[in-house]
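For reference, the structure discussed in these notes is given below.
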Amino acid sequence: MKKENKNKKIQDNKVQKEEKNLEVINKKEKKSSSKMKLWLSKTIYTVILIAIIILAYIGINLLIEKANITDIDLTADKVYSLSDTSKSIVKSIDQDVDIILVNMSNVQSVIDFSNKYSKENDKIKVQEISDVSQYPELAKKYNLTDSSYYIIVKSGSKEKIITTSDLYTYDYTTGQEKDLTEETMTNALLNVTIKDKPKIYFLTGHNDNLTSYLYSFKQSLENEANEVEDLDLLTTGKIPDDCSTLVITTLNEDIKTIEKDAIIKYIKKGGKIILFSDANVTKIKMPNFQKVLDEYGISISEGILLEQDTSKMLSGSPSAILVTVSQGSSITNKTNMNMNACFINAGKINFKDDEALEKLGVEKEVLATTSEKAFYRSDISITSTSKATSDEEGKATVGALLTKKVDDDTTSKLIVYSNNVFITNMQISINNQYYLYAYEFYNNEDLALNSISYLTDREDTILIRKDTETSTYTVTENQQRIILAIIFAVPALITIAGIIIWQVRRRK
């Protein structure tokens, strides 16, 4: 009996123990299940929150893009804003203008600036074209293809086509890229809406071999809302009354007396002249033309300038000198940039003494000079590029502005550069390996265009060079997907992984 009771007691203890173990196991399972549910719940909420944030980000950006809200420009030079001058010009436009952006979807700065013009004046409409096949008439008129990248500005029968290469230049002094988007687009708007464009006449008949090399420069002048024509004084007998500026390039013979008289008469009436003249190395006698220059008290040398400072010349070319353009001068004070130019086989400008200039009523302003190590060579039979004993070392003036007071109410101006090659599309060799057109070197074209803008009193012309040190990177469609994955997917995965690791560690 006792033995049976003992066995029963042992059996009861085992049952109780098993029940307790089962209860503990059930509690652990319930606790584990509860933790798992809590973890899943928090993870789902986190994923939903991330999805909401991403969707909100995308939605807000789409709304802002659709609303075309103006960006806040915090840059010191207001790189991304319209200047007050541009705003004034745009607001004065009283005719319908279309800005058509062809395949420019990847050039956001152009789109932004186009919309800025439209916001200033509702007569300016912006149209973006990403598929030229949908516009057959337009494609045929402008010869557009899928690879065309154009800005077409048109008003009535007038139109102006801008390419992406027209939207920048370089300041070779600082090495920075200069943004021309505003300048180019504002001038295009002027080009198609201005009623009276300045008339620029090129004197012809005395160096016909040069004419074909001036094509690009003339085209650039027209791009800046000028009308350009050739002028043969032997047929007209006078300089037209609508002449805003007379351009005289290097002569290979003297002008006739009738031409000399016509030019001097033009000066007496307050005419504006710009002279691009290479050195007279062939020593052609030009008494009539010199009488024109005598009105301003100057002459152009017969010798040339060479450079000894290797940092002031093209590689291996002492005759291709880098001249320094005066900062803050009359022709540079609106450009917001330093400028250098490259003159090839340049002469130097000689001036009469200060007393003689005063008697002529002429004030002199130096615009461009050589370095101190440059030297002037009058004996061009010397073939060596090293300085000879007969050469004159020292800084020389190669660009100047002469302002002549004719009377109390009349003032004439002459800008003179002792070089003509620098504005031409002649090919210049660098180390017998590379060729560039002369006007492409440094700020050659800018210097010439700004000089004529000054003479034509173009207060409406925009001459702005904005610093922009940023680089634009155009991605492919595949690269775009990768970038979006990095921006959105990677942060989400990292966040989820962090939550999982945190939960696992808590369980341990």
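The values are calculated or read from the model by the stated rules, or taken from the named source; none is laboratory data. The model shown is predicted, which means the values in this text are computed figures rather than measured ones. Positions of Cβ are generated from backbone atoms using ideal geometry, with glycine treated the same way; all protein chains shown enter the neighbour counts. To get the accessible areas, we keep the full protein, side chains included, count just its heavy atoms, and leave off ligands, DNA and RNA. Shrake-Rupley method; radii C 1.70, N 1.55, O 1.52, S 1.80 Å.
Miscellaneous remarks
- Hz values of 3J(HN,Hα) by residue in region 276-286 - Karplus curve (6.51, -1.76, 1.60), Gly and Pro given as x: 10, 10, 6, 4, 7, 5, 7, 6, 6, 7, 9
- Relative to one another, the C-alpha centroids of region 183-205 and region 209-272 are positioned 16 Å apart.
- Accessible area per residue, Å², region 348-440 with all protein chains present, probe 1.4 Å: 54 Å²
- Global geometry of region 202-249, whether rounded, prolate or oblate, following the gyration tensor of its Cα atoms and the 1.5 cut on a/c: oblate
- The length gained by stretching the chain between Ser386 and Val47 to full extension, at 0.36 nm per residue less their Cα-Cα distance, is 114.4 nm.
- Computed from backbone phi, the HN-Hα couplings of region 47-57 come to 4, 4, 4, 4, 4, 5, 5, 5, 5, 5, 4 Hz, rounded to whole numbers (Karplus: 6.51 cos²θ - 1.76 cosθ + 1.60, θ = phi - 60°; Gly and Pro given as x).
- Between Leu63 and Tyr435, the FRET efficiency estimated from the beta carbon spacing at R0 = 60 angstrom works out to 0.70.
- Once backbone amide H atoms are built at 1.01 Å from N, Glu393 has Tyr376 as its partners under 5 Å, excluding neighbours fewer than 5 places away on the same chain.
- On a per residue basis, region 204-316 carries 44 Å² of accessible surface, using protein heavy atoms and a 1.4 Å probe.
- Neighbours of Ser86 by Cβ distance under 9 Å: Lys/Arg scored +1, Asp/Glu scored -1, total -2.
- Pairwise label distance in nanometres, Lys256 with Thr163, each label 7 Å out on the Cα-Cβ vector: 4.0 nm
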